[in-house]
Amino acid sequence: MDDRKREDRKGRRDDSPRQRIQGELRELRQLRELRTREGGRPQRPEGSTGRSRLDQPRTVRRALIPMPTYDPEAFGKLSERIARFLGTGRFIVWMSVVIVAWVVWNTLLPTTVRFDEYPFIFLTLMLSLQASYAAPLILLAQNRQDDRDRVNMEQDRARSDRNIADTEYLTREVAALRQGLGEVATRDFVRSELMALLKELDDRRESRDLV
């Protein structure tokens, strides 16, 4: 019995690291199969999300009812065009022409040709429908304009900060130049010093001549 234990220990020592890792993986697979057979699911730690690792992309769940997709940028540009057209005098003129033609058609023409009798319920419905679509489109265009204004304001703020920093730098440089120029000898100062030196030399020469 002791000899068998010694042989097992010796065999375990002789195993390579790869074989030991494979054995551990085999044991983990067996434990996972036992859990799945028992119907138990591996418990996630508290506060963890659906993804087990952050370096892996999250899988998109397929919806039961596929929703239509659209390009937000193209839809935003279309809404801006419609909002610009709604805010022009051309739209008001064309809208007035359509309403006048609608009312004249349904009041002056024979009854057999009229399709919307007084009080023009179908016209009211069309106008309310047009207003219900125009309001969100105008709001969407305003939101896009607000976003652009916000970006422009941030760029202007950054530009003004750079200008202020450049101005402060130039101010410091000018102050340093003034201090440096205050210590530099000017032409008048050098001339006065030379004149004083010449006068001193003349005085010495005269004193030597007198001696």
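Checking every residue in region 199-209 against the condition of being among the polar types (S, T, N, Q), open to solvent by less than 100 Å² (accessible area, probe 1.4 Å) and farther than 30 Å from residue 76 by Cβ gives at least one match.
For region 149-167, the tally of residues that are closer than 24 Å to residue 83 by Cβ and either among the aromatic types (Phe, Trp, Tyr) or open to solvent by less than 90 Å² (accessible area, probe 1.4 Å) (or both) stands at 3. Screening residue 144 on (1) without any contact (Cβ under 8 Å) to a residue 24 or more places away in the chain; (2) of a type in the set (D, E, K, R); (3) not in a loop (DSSP other than H, G, I, E, B) shows it passes everything except condition (1). Return yes when residue 121 is in contact (Cβ under 8 Å) with a residue 40 or more places away in the chain, under 30 Å from residue 100 (Cα atoms) and β-branched (Val, Ile, Thr) and no when it is not. Answer is no for this residue.
Within region 88-106, the set of residues being exposed (fewer than 12 other Cβ atoms within 10 Å of the Cβ) and either assigned to a helix (DSSP H, G or I) or not hydroxyl-bearing (Ser, Thr, Tyr) (or both) comprises 89, 90, 92, 93, 96, 97, 100, 101, 104.
Condition check for residue 115 on (1) open to solvent by less than 60 Å² (accessible area, probe 1.4 Å); (2) over 21 Å from residue 86 (Cα atoms); (3) not acidic (Asp, Glu): one failure, at (1). Evaluated against (1) at pLDDT below 75; (2) of a type in the set (A, V, I, L, M); (3) open to solvent by 90 Å² or more (accessible area, probe 1.4 Å), residue 21 falls short on exactly one condition, (1).
The values are calculated or read from the model by the stated rules, or taken from the named source; none is laboratory data. Keep in mind that this is a model prediction, so the values were computed, not measured. So basically every Cβ, Gly included, is an ideal-geometry build from the backbone, and we count neighbours across all protein chains shown. Remember, those area values only see protein heavy atoms, side chains included, never the ligands or the DNA or RNA. Shrake-Rupley method; radii C 1.70, N 1.55, O 1.52, S 1.80 Å.
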